[in-house]
Amino acid sequence: MRSSSGFASSVSSALYAVAVVAGATLLSPTLRICGAQTVLPAPTWTSARQLPPPRLVDDDHRSGPRFGVAAIIGGSVTAENAGRPITPITTLFGWQSEHQFQPAPGMPIPVTELIGLVGGVEQGVFLPSVSWLIGLRQPNGWEAAVGPTLTGAGLQLAFAAGMTRKFGTLNVPVNLAVAPGRRGAAISLTTGFNVRAY
């Protein structure tokens, strides 16, 4: 019985010594083993993955189909040249490609847009136009832009303004544009949609 007790006591003492050494290893980089001073390497911690800083502008370029109506004040030179008189109110169908740039903090978002539209489809007339607009967009969706428009009547300057409403991942823009011409002006109201990929 005494020998068993002595053996258990020896095992307990050995386990206690191991625990002390292990605790010293964790708590101190310096440890004495057999009278010699050993310097242990300091523990290193794996740093969390560095995430890129948040962008002020998401990659939401809002390109997509556009459709609406236009009022051609003063008549269409393109239709007249083709010998096809039309009513002054016509439909519009087309596509808008755009890109927005990273702004300075607290500043509106610079935007450039390329818009191709075709009017007169319901009247059997082909009235194409191409516009390149440069403007600014507020974070709340309001925007304004200006740029050249090329039609069958020649080159004109267009002014546009509108806003974009968000419904989940769906963007729905509504824009009003005016393009003064030599004989009158074209006033258009367009909308469309695009779906964000996130």
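The values are calculated or read from the model by the stated rules, or taken from the named source; none is laboratory data. This structure is a prediction, so every number in the text was calculated from the model and none was measured. Don't worry about glycine lacking a Cβ; one is built from the backbone with ideal geometry, like all the others, and counts go over all protein chains shown.
Okay, here's what the table says:
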| quantity | calculated |
| --- | --- |
| Single residue of the range 155-194 satisfying the filter (in contact with a helix residue (DSSP H, G or I) (Cβ under 9 Å, 6 or more places away or on another chain) and touching a residue at least 60 places away in the same chain (Cβ under 8 Å)) that is farthest from Pro108 (Cα to Cα) | Arg183 |
| Members of the range 82-119 that are hydrophobic (A, V, I, L, M, F, W, C), in contact (Cβ under 8 Å) with a residue 24 or more places away in the chain and either touching a Cys at 6+ places or on another chain (Cβ under 6 Å) or farther than 26 Å from Thr169 by Cβ (or both) | Ala82, Ile86, Val118 |
| Residue within the range 70-81 that is within 23 Å of Val172 (Cα to Cα) and not acidic (Asp, Glu) present | yes |
| Of all residues making up the range 95-143, the number that are surrounded by fewer than 19 Cβ atoms within 10 Å (Cβ to Cβ) and within 23 Å of Ser76 (Cα to Cα) | 13 |
| Selection count where residues are charged (D, E, K, R) and under 22 Å from Gly184 (Cα atoms), scope the range 83-113 | 1 |
| Restricting the range 144-155 to residues that are over 17 Å from Gln96 (Cα atoms) and exposed (fewer than 15 other Cβ atoms within 10 Å of the Cβ), the residue that is modelled with the highest pLDDT | Leu155 |
| Elements of type strands (runs of 3 or more DSSP E) in the range 77-141, at least 3 residues being basic (Lys, Arg), within 34 Å of the chain's Cα centre (by Cα) and assigned by TED's automatic domain parsing to the domain that holds Ala158 | none |
